[in-house]
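Everything below concerns the one structure shown next.
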Amino acid sequence: MASENPTASEYIKHHLQNLTFGQHPDGSWGIAETSKEAADMGFWAIHLDTMGFSIGLGILFLVLFRFAAKKASVATPTGLQNFVELMVEFVDNSVKESFHGKSKVIAPLALTIFVWIFLMNLMDLVPVDFIPRIATDVFGIEYFKIVPTTDINAALGMSLSVFFLIIFYSISIKGFGGFVKELTLQPFNTPIMIPFNFVLEMVGLLAKPVSLALRLFGNLYAGELIFILIALLPWGVQWALSVPWAIFHILVITLQAFIFMMLTIVYLSMAHEEH
Amino acid sequence: MNLNLTLIGQAISFAIFVWFCMKFVWPPVIAALEERSKKIADGLEAANRASRDLELAQEQADQILRESKDNAAEIIEQANKRANQMIDEAKEQVIADGKRLREAAQAEIEQDVMRAKEALRAQVSVLAFAGAEKILGATIDEKAHSEIVEQLAKEL
């Protein structure tokens, strides 16, 4: 902690600061000691906690699913295989319902998005002080944020990847000309309205990744913040608020993962279809 | 809350995860699911077919049973008829035989009677001659005559 007895705002700020590694303004490399230092590092810095947890959870997801997939047999499935098949079938149905093109990427992409985001969101249910306290007391790490999706970088990283996929598919399906036409000749199909159309469509296009990222980030950030605020209460009454909020949050984290997945599917199916 | 390299790092790891999922997780699970659903569909179809076959076999068995029952009834009826016929024939035969035997016996009896009568007649004439001889030869004796006549009559 920054000080032995932090004020409420110090406590909150502390909890919202990532473990940042980057170049200090004076040229030396290292971990930011304060949020000011982290901000000064600019773009060329990396959040070790976000990266660590997201990659760890991603690997957990893939190892679990790979393990089940390897053992996937036609005979009666059990335990893990059941669960994995359930997830795969759920995602497959969602994809089949809203995506009518042919693509080998969409379904695994949707599965990855859903499970990975769900796992990252799930970290929100770990008591807010639990892991940061261990990190501070055992490893001497000052800042530690365990929910990757409350880091705008994580959400935006995924939504930008989806955005590039949208552009990639738009161009590979409709051709570059078709993509440009889609941006310029809608909704008013006259040459005079091309600039207007372009601005309108561009806003629509760019809003997709931004809204995708901000929706996830905003929901999880707000949820995390409320957990932090609850953690400021006297310890005897915390459970009265944190338990209902955590239960409600189970819905939120699942829903956000689902929304991210569904919107990705919808955006990509829109990229596949001619208007 | 700063935008930084984490963004790119996240995008890269995301891409790798998606690639791995696409390559090593999705296909085997989907393949297993599809194969299982196919197997289940096949099983259901086989069950359907089997039940249809069973129904057919049942029907066939019923028909065969019915036919054989009919056959048996017919055979029994024929046998009965035949038996009755045989009995009737036997009866007629017996009656005819009896009649014939009786007639034969009667004819023989009549013949015997005729023959006896013939013989008697012959003997009567001899006796008459013998009687007449005796009457003519011996003294007339009322008492003896009547005895002779009586004897004659007895001999007749």
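Filter the range A:16-49 down to the residues that are modelled with pLDDT under 80 and assigned to a helix (DSSP H, G or I), then identify the one that is surrounded by the most Cβ atoms within 10 Å (Cβ to Cβ). My answer is A:A38.
From the list A:V105, A:V95, pick out the single residue that is over 21 Å from A:L122 (Cα atoms), facing another protein chain (nearest Cβ under 7 Å) and touching a residue at least 60 places away in the same chain (Cβ under 8 Å).
On the way: A:V95 fails: facing another protein chain (nearest Cβ under 7 Å).
Unique residue meeting the criteria: A:V105.
When we screen A:F144, A:F163, A:F130 for residues that are aromatic (F, W, Y), in contact with a Pro (Cβ under 7 Å, 6 or more places away or on another chain) and modelled with pLDDT under 85, the only hit is A:F144.
If I ask for residues that are closer than 16 Å to B:F20 by Cβ and free of Cβ contacts under 8 Å to residues at least 60 places away in the same chain, which ones from the range A:73-92 would you list? Once the filter is applied, which keeps residues that are closer than 16 Å to B:F20 by Cβ and free of Cβ contacts under 8 Å to residues at least 60 places away in the same chain, the range A:73-92 yields A:V84, A:M87, A:V88.
Any residue in the range A:50-69 that is in a loop (DSSP other than H, G, I, E, B) and either within 8 Å of chain B (Cβ to nearest Cβ) or of a type in the set (K, R) (or both)? No - not one qualifying residue is present in the range A:50-69. Looking only at residues in the range A:97-134 that are over 18 Å from A:I55 (Cα atoms) and aliphatic (A, V, I, L, M), the one that is nearest to the chain's Cα centre (by Cα) is A:L125.
Reported count of residues in the range A:31-40, each being in contact with a strand residue (DSSP E or B) (Cβ under 7 Å, 6 or more places away or on another chain) and more than 7 Å from chain B (Cβ to nearest Cβ), is 2.
Would you confirm, using the coordinates I've provided, whether B:L44 is among the aliphatic types (A, V, I, L, M), in a helix (DSSP H, G or I) and farther than 30 Å from A:S161 by Cα? Spelling it out, B:L44 is indeed among the aliphatic types (A, V, I, L, M), in a helix (DSSP H, G or I) and farther than 30 Å from A:S161 by Cα. Every residue in the range B:1-32 that is within 17 Å of A:L57 (Cβ to Cβ) and at the interface with chain A (Cβ under 7 Å from one of its Cβ atoms), please. Result: B:T6, B:G9, B:Q10, B:A11, B:S13, B:F14, B:A15, B:F17, B:V18, B:F20, B:C21, B:V25. For A:V115, all conditions in the list (1) modelled with pLDDT of 85 or more; (2) more than 10 Å from chain B (Cβ to nearest Cβ) hold save one; what is the number of the exception? Exception for A:V115: condition (2). Every condition in (1) in contact with a Phe, Trp or Tyr (Cβ under 8 Å, 6 or more places away or on another chain); (2) loosely packed, with under 14 Cβ neighbours inside 10 Å is met by A:V138 except one, and the failing one is (1). Residues in the range A:70-83 that are within 7 Å of chain B (Cβ to nearest Cβ) and either hydroxyl-bearing (S, T, Y) or at positive phi (or both): 1 in all.
The values are calculated or read from the model by the stated rules, or taken from the named source; none is laboratory data. Worth saying up front: this structure is predicted, and the values here are computed from it rather than measured. Ideal geometry is used to build each Cβ from the backbone, glycine not excepted, and the neighbour counts take in all protein chains shown.
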